[in-house]
Structure formats: C-alpha cells, structure tokens
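Inspection log for the structure reproduced underneath, given as structure tokens.
Read the figures in this text as sums done on the coordinates, not as results from a lab. As the structure is a computational prediction, the values presented were derived from the model and not from experiment. A quick note on method: Cβ atoms are made from the backbone with ideal geometry, for glycine too, and the neighbour counts reach across all protein chains shown.
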Amino acid sequence: MFVGHFGAGLTDYAFFTFSLFGIERFRVDEGLMALSDFDLMHMPWTHSLVATFGWAALFGLLVGAVLRRPAVGWVAAAVVISHWALDLLVHRPDLTLTGSPPKFGFGLWDVPAVGIPLEFAILLGGAWLYARAVPSATRAGRIGLWLLVAALVGAQLVNWFAEPATTAPPLLALQALAVFAVVTLAGWWVDRARRRVPTAAG
C-alpha cells in the first residue's frame, strides 16, 4: 500500500535502504499487478511479520523514551505493525511470517475497484481523524494539512496510472527514499503549524 499507510512507513524506509546494499531485493515487472509493477522478491528483514514486530518494538521503545511517555511508544509500535497488516490486504503473496515461505497477500492491488477506494478511504479517514484530534489554531495548519492530502492523492494517481517505471532498482530506491523524506518533512511542518486549541481546563 502506498498513501494508504504513508504514516506507517518505517519498514519501507528500511526496505529501500537495504535494497541499495543488496540485503533485500525488488525489480520492476510491468503488468505484474493492475496497480503495482514492483516484484518484491526478497524482504525478510523488513516485511516479514517477525521482523515487523522487531522494528515496532525498537521504534516504540525509542519514541516512548524520547518523549518520556510509554503509552505513546505503544501507539507508535502499533502503527508500525499496521503497515504489515495493510500490506497483507493489497500485496500479492510476497509477505512472510518469518522470512521464508509460505508467503501471504490478498492481492487487492489486482482488483482496482476495491484497491483504489480502500487506499483513499484510509488516507482521507486518517486525515479526518487527525484533524479532529489535533485542531489547528492557525490558518497555515488548516490549509497545510489538506494541501498535503491533495499532494498525496496526486502522487498516488501518478504512481498508479503513469507510464511504468524503466529506472534501475537502485535509482528507484533513491527516488522512493527522497519522496518519503519530503513527505515526512511536510507532515512534520503541518503538525508544527497546527496548535492544539487550549481547553477550558488548560
């Protein structure tokens, strides 16, 4: 899944980084699925269920320690785990439990009538929940959130319907990491621009 779980992209950061060093591998196979040409051949260290729990534990501990809020660390860990669950819905059978077969995936990227609404429903639903949970006292924060959502929708449409990629996997990995970094920074800026509205008790 692409924008449908962009907020839970830690293991994708790791996957494309590892692919640069040959630790994990992918290739472009035009027409592999209706909505994805990526053949994810080998990714035991980032996209097996066991590895995902490992990344989640490390990230949750880090977040909880840095913020000194263990409960937030638990939430952060759950978000990382959600990446595997959402991938399971859309991927072809390329996800493993421990890094070796059997492989799992429901393949909804091959069913655009389901995959497209699902992806956008998760993105827009998540943005709506965030907007309610973090009210913005600034115009920049209000507009910035929905500009970011619009940019993500546009990026998703390009990802689905543009000409198939012909770039070599290492360059694709660098491009993916650059996009992740830009979106992460944009999300950070939006979050800073939004200020929680003081409550009567506060």
### Task
List, in order, the whole-Hz ³J(HN,Hα) value for each residue of the stretch 140-152 obtained from phi through the Karplus relation with A = 6.51, B = -1.76, C = 1.60 and θ = phi - 60°; use x for Gly and Pro.
4, x, 5, 6, x, 4, 6, 5, 5, 4, 4, 5, 5
### Task
Would you mind checking the tilt of helix 112-133 against the longest principal axis of the Cα atoms of the chain, expressed as 0 to 90 degrees and rounded to 10?
20 degrees
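State the percent of C-alpha pairs, over all pairs in the stretch 61-202, separated by a distance greater than 25 angstrom.
So the pairs more than 25 Å apart make up 44 percent of the total in the stretch 61-202.
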#### Entry: Whole-Å semi-axes of the stretch 121-202's equivalent ellipsoid (Cα gyration tensor)
32, 14, 9
### Summary
Compactness summary of the stretch 1-111: radius of gyration and Dmax from Cα atoms, Å, are 14.4, 47
### Given charges at beta-carbon only (K, R positive; D, E negative), |dipole| of the stretch 3-193 in Debye
880 debye
